[in-house]
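So the structure is just underneath, and the comments pick up after that.
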Amino acid sequence: MRLCLFDDPASSALAPLTLARPAFELVCGRFSLRERLIRFWNVSDWAGVVRDDHAAVLEEEFPEARFNDLDWLRRERTLCVLGRWIPEDLSRLPADGNTAFVCGETPVAGWFEPADWDSAAPHDLAGHFDRTLRRRRHLDAAGEVATRPWDLVEANARELTRDYARFPASAVDKLPHGVELLGDSRQLRIAPRAEIEPFVVIDVRQGPVSIDSGARIKAFTRLEGPCHIGRESQLFRAQVSAGTTIGPVCRIGGEVENSIVHGWANKYHDGFLGHSYVCPWVNLGAQSGTSDLKFDYSPVRVPLAGELIETGLKKVGSFIGDHAKTAVNSLFDTGSSIGVMSLVLPDGDLVPRHIPSFARYWRGQLEEGHPLDVLFDIARMAMSRRGVEFTAPQEMLLRLIYDRTSAERTRAFRRMRETRPLQIHTEPYPPEAV
């Protein structure tokens, strides 16, 4: 099967999570939205329609795929899918080229013949996809379309349970020495190369637990299903509650509840992370914590790009963009949005709920962050510690994100000056923070 995933303009509402990636690369359940479809449908050839600034990074990461390639779409019959769609039943596909799956009012999937692209403009492939499907006979598509960052967190526990059933594997015959299992062993899967020390408790009474190859679970950790621990991640005396996905190559300690840690992120020390999404290369300093419930139990609003958005939910944590860094004792209020390459150096109070990309919160002020070259050196050093290269396309993408978020920073700095006295610092940035 040939598959093409479409990242439409509405994916920008998932920022800061989608600043550095298309929506189909976001995680919900055990997999990214793309990886789940490719695995289940046994896709042999895939492509993506994405923002131009994402294309070079994706081409580098997935050399087998094609991006924004109209000639590829015109070559053979292809199943085209909206990247924000989280399907309920993957075994069900559109019937033919005259039908389209629609989730709510949003067209999400349909078969395209080569001739269907004859009138498509190379710069408007996502628009052509949407308009074509709207003209067809509609079939109801079970599932949901992610429209805001918290949609992924809310769906995570359910998708973890579904993924466990969708991708069968052998159950555990014998538990590692000293590990206590609460519940049915058929709800637990441990990859052969995973290491679990004694005095670990795994509770599968409310949902399954899966642990990938190379993961290391240290003593005095408790895992509560449904949850997933990604390959080569390490857990240190962690309390992992239901609905949590820990992606690959993470370092996790403290308490994590109903959250998604995308991968390649650190929360080594104590501190609470709840109902949140953490992007790659984030480092949360010791005792950094998130609130996910207001004291009066009222619905939470989240300042996305500085605009307060109603969630309708009582439990919402933080949404933290790529390469963000927090110092010791950073405390995030309920419903916070933390941008790409932002730096948080707390002053003992709650951190502002909106920190735009490339900004720095320091000494009670929100201000312009480190020079880009300094930030890129920090990223290069952090990634090299995990054996990963900081490449030229990644740097170019971050420069483009810097330009795209300039107006958001300007608005945020103005609001901060209106609410707090401006403090003047003589040094361009604190040397001890680098």
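The values are calculated or read from the model by the stated rules, or taken from the named source; none is laboratory data. If you're wondering where the values come from, they're calculated on a predicted model, not measured in any experiment. As a convention, Cβ positions derive from the backbone with ideal geometry for all residues, glycine included, and neighbour counts pool all protein chains shown.
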Next on the checklist: Residues that are touching a Pro at 6+ places or on another chain (Cβ under 8 Å), over 21 Å from ARG92 (Cβ atoms) and buried (at least 17 other Cβ atoms within 10 Å of the Cβ): does the stretch 153-167 have at least one?
Outcome noted: yes
Next on the checklist: Given the options ASP203, ASP212, name the one that is surrounded by fewer than 24 Cβ atoms within 10 Å (Cβ to Cβ), under 19 Å from the mean Cα position of the chain (by Cα) and not aliphatic (A, V, I, L, M).
Outcome noted: ASP212
Item to check | Answer from GLY312, GLY321, GLY271 - the residue that is buried (at least 21 other Cβ atoms within 10 Å of the Cβ), of a type outside the set (S, T, N, Q) and more than 26 Å from ARG409 (Cβ to Cβ) | outcome: GLY271
Checklist entry - Checking ASP89 against (1) under 26 Å from the mean Cα position of the chain (by Cα); (2) modelled with pLDDT of 95 or more, which single condition isn't satisfied? => result (2)
Checklist outcome for this item: Output for Cβ contacts, cut-off 6 Å, separation at least six or different chains, first residue farther than 26 Å from PHE413 by Cα in the stretch 283-309, second surrounded by 18 or more Cβ atoms within 10 Å (Cβ to Cβ), reads GLN287/GLY271; LEU293/LYS315
Next on the checklist: Please determine whether any residue of the stretch 88-110 is farther than 28 Å from SER337 by Cα and either of a type in the set (Val, Ile, Thr) or outside the structural domain of GLY143 (by TED's automatic domain parsing) (or both).
Outcome noted: yes
Checklist entry - Restricting attention to the stretch 297-329, which residues are more than 16 Å from THR18 (Cα to Cα), at pLDDT 95 or above and of a type in the set (S, T, N, Q)? => result SER298, THR311, THR326
Next on the checklist: Please count how many residues of the stretch 345-375 are farther than 19 Å from THR326 by Cβ and hydrophobic (A, V, I, L, M, F, W, C).
Outcome noted: 1
Checklist entry - Can you tell which of ASP163, ASP173 is free of Cβ contacts under 8 Å to residues at least 60 places away in the same chain and acidic (Asp, Glu)? => result ASP173
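Okay, residues lined up against (1) touching a strand residue (DSSP E or B) at 6+ places or on another chain (Cβ under 6 Å); (2) without any contact (Cβ under 8 Å) to a residue 60 or more places away in the chain; (3) at positive phi; (4) surrounded by 15 or more Cβ atoms within 10 Å (Cβ to Cβ):
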position	(1), (2), (3), (4)
THR106	yes, yes, no, yes
ALA115	no, yes, no, no
ASP118	no, yes, no, no
HIS123	no, yes, no, no
PHE129	yes, no, no, yes
ALA141	yes, yes, no, yes
ARG148	no, no, no, yes
ARG186	no, yes, no, no
Checklist outcome for this item: How many residues of the stretch 326-335 are surrounded by fewer than 24 Cβ atoms within 10 Å (Cβ to Cβ) and either in contact with a Cys (Cβ under 8 Å, 6 or more places away or on another chain) or part of a strand (DSSP E or B) (or both)? The answer is 1
Checklist entry - Among the strands (runs of 3 or more DSSP E) confined wholly to the stretch 243-301, which include 1 or more residues that are in the same structural domain as ALA157 (by TED's automatic domain parsing), closer than 23 Å to PHE31 by Cα and small (Gly, Ala, Ser)? => result 251-257, 272-274
Checklist entry - Which one of these is under 25 Å from ASP116 (Cα atoms), touching a residue at least 60 places away in the same chain (Cβ under 8 Å) and out of contact with any Pro (no Cβ under 7 Å at 6 or more places or on another chain): LEU19, LEU37, LEU26, LEU5? => result LEU5
Checklist entry - Listed residues ARG30, ARG21, ARG74, ARG36; which is surrounded by fewer than 23 Cβ atoms within 10 Å (Cβ to Cβ), among the basic types (Lys, Arg) and at pLDDT 95 or above? => result ARG74
Checklist entry - So which of PRO393, PRO421, PRO430 ends up being surrounded by 12 or more Cβ atoms within 10 Å (Cβ to Cβ) and at pLDDT below 75? => result PRO430
Checklist outcome for this item: Over the stretch 326-348, the set of residues charged (D, E, K, R) and either closer than 15 Å to LEU273 by Cα or outside the structural domain of TYR361 (by TED's automatic domain parsing) (or both) is ASP333
